[in-house]
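Participant: Before I ask anything, here is the structure I am working with.
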Amino acid sequence: MTIYSFIKPKTKYFILSVILAVVGVGAEMVPYFAGVKMICMMYHGETQLAAYGVPLLAAAIGYIVKSVCASFSALVSHTGTFEVLYDIRCALIDKLTRVPLGYVKETPSGTFKDTIVDKVDGLEQYLAHLIPELTANLLIPVIIIIYLFTVSIKMTLLMFATLPIVLLCCWGMTIGFEEKCKKFYKAKEDVSSATIEYVNGIEVIKGFNQAASSYKKYADAVFNNAAFGYEWQKGAQGFLSAAICIMHSTMLTLLPFGYYFTHKGSVSVDTLLTFIILGIGLMTPLIKALFMFETTTKMEADFETIAEILEAPELVRPKESQASVESGIELEHVSFRYRSKEKDAPMVLNDISLRIPTNQVTALVGPSGGGKSTIAKLIAGFWDADKGQIRIGGIPINQISQKELNKKIAYVSQDVFLFNDTVMENIRVGKKGATDEEVIRAAKACGCHEFIESLENGYQTMVGDRGCSLSGGERQRITIVRAMLKDVPIIILDEATSYTDPENEAVLQDAISRLVAGKTLIVIAHRLATIADADQIIVIEHGQAKAVGTHAELYATNELYQRLWDANCGVRRKEMERSHA
């Protein structure tokens, strides 16, 4: 998908804008023709003021037409442009929902911000201004040059005798331009990424007294961006200044040679005056076009960056699919690595096979880094497995549409995210169009109604950016309510109560147990006491399922599970003692 595919449906706007811009630039030249006429009349001794009325009126009409056409050209081009920018931004955001989560995670957030906000904004300059104005500022001079050739070939050639030097200067500006563009935009992205990283990590920076070193990283990115921009402009400024000066120097050839030809009688005074005045007027649109040339080249670089996101590989999902009746899950010889393009990237899951029965509670336990969260994210459809197959209700996940998959699964991670909105609206994300009563009923069912009501404005409390005004436990409880409001057959809780204090966790676990009755629940927890009653516990280590069974079975037969339980319950007892102290 290219940028031009977004422009094509809006072509009518840009065609009309170009036509208006051409008429406007053409009208802008009318006063120069009128000036030629009046100066020639004065040279021939015309003293009747009435005789100058027609050229004066023509000049006035030309100025008015130019102003009106320029205004309407800008209005039409901006109307089409902002529709195109809207479509591009919607396509970029929609694209991020269809690519693997790894693509989003591995790309610096500053890059997405810079592309979706800044680079798309930059297209406004190209679409709304360059397309109509560059076309007009090149087309009208070409028409006038053709006209001047019909008046006098040798005078026209004299006027543009310095054109080869101008073209040489323009060529000088383009040397290494593409590579410089890439470095320039990379420097800008580094600034965006460093800024976002600094702001997001301010708590860690302050806590570990790293403000100076972290600020230096940001300052270096800003300095490098400014230094590169300065060096680039400094290198191009000489060529640009030379080109403009030479373009304005047409009189250096026109005046002496024009006088000589006029003196010899081979060129009339009227012709000389025509070339002098039109030569001055002709340079204005040409210089405008020269300045637009650099912008045009930069826009091409922006096109490529935006296209890279739009053309990124997507998850393999059909647009429509058959809805599976059951919610049982099977992993069959699944292998997966996060950086699949890197051959030396470690395998996170290695030929793992397991079965998660319908309408039961299945817990995934094991040492950190064993692959538990990866399994959950593959089931949720955030990535595609490199090898093997995942089935939900007997249907391969890559044959289930994203829409249908979203109807079946609610995923709650320990890395909770809340929007900068009210508690009510953050819960309502789980079910579009849910009433306030439905939201409150879900909160009560999860045992969260009282704590929400105790907030400053209850359900209308603004949670702040990423939920910063709430504690980690409060954020997690709200996301669990959101998942329960979604009311889907499969619920995945990935360390969803890790920030919750022991007393509230017990209430929350009890509520979850009642709410998930008749649903397929997958729980990942390091606090093993919370999953002791699970119908099935799967021990995951080194990307493989080492053992499957109930708590009693695993504790009696699996040494790893026994070690995890003994170590975990000792820590758990200390937590309970501290909470009651």
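Participant: Can you go through Ile409, Ile427 and tell me which one is out of contact with any Asp or Glu (no Cβ under 7 Å at 6 or more places or on another chain), more than 18 Å from Lys519 (Cβ to Cβ) and crowded, with 20+ Cβ neighbours inside 10 Å?
Facilitator: Selected residue: Ile427, the only one of Ile409, Ile427 that is out of contact with any Asp or Glu (no Cβ under 7 Å at 6 or more places or on another chain), more than 18 Å from Lys519 (Cβ to Cβ) and crowded, with 20+ Cβ neighbours inside 10 Å.
Participant: Check whether at least one residue in segment 63-77 is in contact (Cβ under 8 Å) with a residue 60 or more places away in the chain and touching an Asp or Glu at 6+ places or on another chain (Cβ under 7 Å), and report yes or no.
Facilitator: Taking every residue of segment 63-77 in turn, none turns out to be in contact (Cβ under 8 Å) with a residue 60 or more places away in the chain and touching an Asp or Glu at 6+ places or on another chain (Cβ under 7 Å).
Participant: Being open to solvent by 30 Å² or more (accessible area, probe 1.4 Å) and touching a Leu at 6+ places or on another chain (Cβ under 8 Å) is the filter; apply it to segment 27-66 and report the residue that is farthest from Ile280 (Cα to Cα).
Facilitator: For segment 27-66, the residue satisfying everything is Tyr43.
Participant: Out of curiosity, is Ser368 part of a loop (DSSP other than H, G, I, E, B), farther than 30 Å from Thr115 by Cα and either within 30 Å of the chain's Cα centre (by Cα) or modelled with pLDDT of 75 or more (or both)?
Facilitator: Yes, satisfied.
Participant: Conditions first: (1) at pLDDT 75 or above; (2) touching a helix residue (DSSP H, G or I) at 6+ places or on another chain (Cβ under 8 Å); (3) under 30 Å from Asn398 (Cβ atoms); (4) surrounded by 14 or more Cβ atoms within 10 Å (Cβ to Cβ). Lys119 passes all but one, so which condition is the exception?
Facilitator: So Lys119 meets the others, but not (3).
Participant: Continuing with the same structure: Among the strands (runs of 3 or more DSSP E) lying completely within segment 467-581, list those that include at least 1 residues that are modelled with pLDDT of 85 or more and among the hydroxyl-bearing types (Ser, Thr, Tyr).
Facilitator: Those strands (runs of 3 or more DSSP E) span 520-524.
Participant: Let me ask you something else. Let me spell it out: the conditions are (1) modelled with pLDDT of 85 or more; (2) open to solvent by less than 10 Å² (accessible area, probe 1.4 Å); (3) over 27 Å from the mean Cα position of the chain (by Cα); (4) of a type in the set (A, V, I, L, M, F, W, C), and Ile440 meets all of them except one. Which number is the exception?
Facilitator: (2)
Participant: Right, another one. In this structure, does Glu456 turn out to be among the acidic types (Asp, Glu) and modelled with pLDDT under 85?
Facilitator: No.
Participant: To continue, here is another question. Somewhere in segment 125-133, is a residue within 30 Å of Ala194 (Cβ to Cβ), surrounded by fewer than 19 Cβ atoms within 10 Å (Cβ to Cβ), of a type outside the set (A, V, I, L, M, F, W, C) and modelled with pLDDT under 90?
Facilitator: Yes - at least one qualifying residue is present in segment 125-133.
Participant: Mind listing whichever residues of segment 238-274 are β-branched (Val, Ile, Thr) and either open to solvent by 30 Å² or more (accessible area, probe 1.4 Å) or free of Cβ contacts under 8 Å to residues at least 24 places away in the same chain (or both)?
Facilitator: Selection gives Ile244, Ile246, Thr262, Val269.
The values are calculated or read from the model by the stated rules, or taken from the named source; none is laboratory data. This one's a predicted model, so the numbers in the text were calculated from it and none came from an experiment. Cβ coordinates were reconstructed from backbone atoms using ideal geometry, including for glycine residues, and neighbour counts include every protein chain displayed. Quick note on the areas: whole protein, heavy atoms, side chains included, nothing else; ligands and nucleic acids left out. Shrake-Rupley method; radii C 1.70, N 1.55, O 1.52, S 1.80 Å.
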